[in-house]
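Student: Take a look at the following structure, please.
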Amino acid sequence: MVWANYIEGLSALFDQGGYTLWAILVASILLWILIVERYWSHARELPRFRARLFSEWQARKAMGAYQSFNRIQALVGDLRAEASRNLPALNALTTILPLLGLLGTVSGMIKVFDVITVFGTGNTRGMASGISEALVTTMAGLFTALSGLYFVSDLENRADDMARRFEADLVEEQ
């Protein structure tokens, strides 16, 4: 019985938000799938990738200082690229979500002005529908973007920190 109330409430929310709220939902789901994938990768795949790169460094033949520097930079670049994979897409989604909210705001206000044009200011129910769409989509776009922004920033910091520590380990091993 409780689930029916939640589903009914979500249905009403999406009726209020219109088509723009569906676009925000799709972008939010994609954002969170990518965030979870990145944390999974940082926890499971990157330590193995780092170990493989480190073993490549340890198996090197004698090199000059310049060649060693270039090889260190190449290995750190490989690790940084793998640790930063999908971060541009995450940054794009956290930028797009508030813009989708703004699009919903504009769409809702256009509905309000259409009601005012046709019925004047006497149809408060029609105006409330447009204002509701504007507010719901703005809130949804901002909320999802702000919640994702923290995790994207954390992932960027983790990637940079991992690359710095890896570089320090390579230099120390030299």
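Student: Exactly one condition in (1) within 30 Å of Arg44 (Cα to Cα); (2) of a type outside the set (D, E, K, R); (3) modelled with pLDDT under 90; (4) surrounded by 13 or more Cβ atoms within 10 Å (Cβ to Cβ) is false for Asn123; which is it?
Tutor: So Asn123 meets the others, but not (1).
Student: Looking at the structure I just gave you, is Ser41 surrounded by 12 or more Cβ atoms within 10 Å (Cβ to Cβ), of a type in the set (Ser, Thr, Tyr) and within 17 Å of the chain's Cα centre (by Cα)?
Tutor: Values: surrounded by 12 or more Cβ atoms within 10 Å (Cβ to Cβ): yes; of a type in the set (Ser, Thr, Tyr): yes; within 17 Å of the chain's Cα centre (by Cα): yes.
It is true that Ser41 is surrounded by 12 or more Cβ atoms within 10 Å (Cβ to Cβ), of a type in the set (Ser, Thr, Tyr) and within 17 Å of the chain's Cα centre (by Cα).
Student: Restricting to helices (runs of 4 or more DSSP H) lying wholly in the range 44-156: which have 1 or more residues that are in contact with a helix residue (DSSP H, G or I) (Cβ under 8 Å, 6 or more places away or on another chain) and closer than 24 Å to Leu10 by Cβ? Break it down into steps so the answer makes sense when it comes.
Tutor: Details: elements: 46-58, 65-83, 87-119.
Hits in the range 44-156: 87-119.
Student: So is Trp57 in contact (Cβ under 8 Å) with a residue 24 or more places away in the chain, among the aromatic types (Phe, Trp, Tyr) and out of contact with any strand residue (DSSP E or B) (no Cβ under 7 Å at 6 or more places or on another chain) or not?
Tutor: Details: in contact (Cβ under 8 Å) with a residue 24 or more places away in the chain: yes; among the aromatic types (Phe, Trp, Tyr): yes; out of contact with any strand residue (DSSP E or B) (no Cβ under 7 Å at 6 or more places or on another chain): yes.
Yes: the conditions hold for Trp57.
Student: Taking the condition buried (at least 18 other Cβ atoms within 10 Å of the Cβ), of a type outside the set (Gly, Ala, Ser) and within 30 Å of Glu156 (Cβ to Cβ), does Leu30 pass? Write out each step before concluding.
Tutor: Working: buried (at least 18 other Cβ atoms within 10 Å of the Cβ): no; of a type outside the set (Gly, Ala, Ser): yes; within 30 Å of Glu156 (Cβ to Cβ): yes.
No: the conditions fail for Leu30.
Student: Which condition does Thr105 not pass, out of (1) surrounded by 17 or more Cβ atoms within 10 Å (Cβ to Cβ); (2) hydroxyl-bearing (Ser, Thr, Tyr); (3) under 30 Å from Val171 (Cβ atoms), if it passes all the others?
Tutor: Of the numbered conditions (1) surrounded by 17 or more Cβ atoms within 10 Å (Cβ to Cβ); (2) hydroxyl-bearing (Ser, Thr, Tyr); (3) under 30 Å from Val171 (Cβ atoms), the odd one out for Thr105 is (3).
Student: What is the number of the single condition among (1) at pLDDT below 80; (2) surrounded by 13 or more Cβ atoms within 10 Å (Cβ to Cβ) that Asn5 does not meet?
Tutor: Asn5 satisfies every listed condition except (2).
Student: A further question follows. From Leu142, Leu93, Leu155, grab the single residue that is touching a residue at least 40 places away in the same chain (Cβ under 8 Å) and either surrounded by fewer than 13 Cβ atoms within 10 Å (Cβ to Cβ) or touching a His at 6+ places or on another chain (Cβ under 8 Å) (or both). Before you say what the answer is, go through the steps one by one.
Tutor: Details: Leu142 fails: either surrounded by fewer than 13 Cβ atoms within 10 Å (Cβ to Cβ) or touching a His at 6+ places or on another chain (Cβ under 8 Å) (or both); Leu93 fails: either surrounded by fewer than 13 Cβ atoms within 10 Å (Cβ to Cβ) or touching a His at 6+ places or on another chain (Cβ under 8 Å) (or both).
Every option except Leu155 fails the conditions.
The values are calculated or read from the model by the stated rules, or taken from the named source; none is laboratory data. Just so you know, these numbers come straight off a predicted model, no measurement behind them. So basically every Cβ, Gly included, is an ideal-geometry build from the backbone, and we count neighbours across all protein chains shown.
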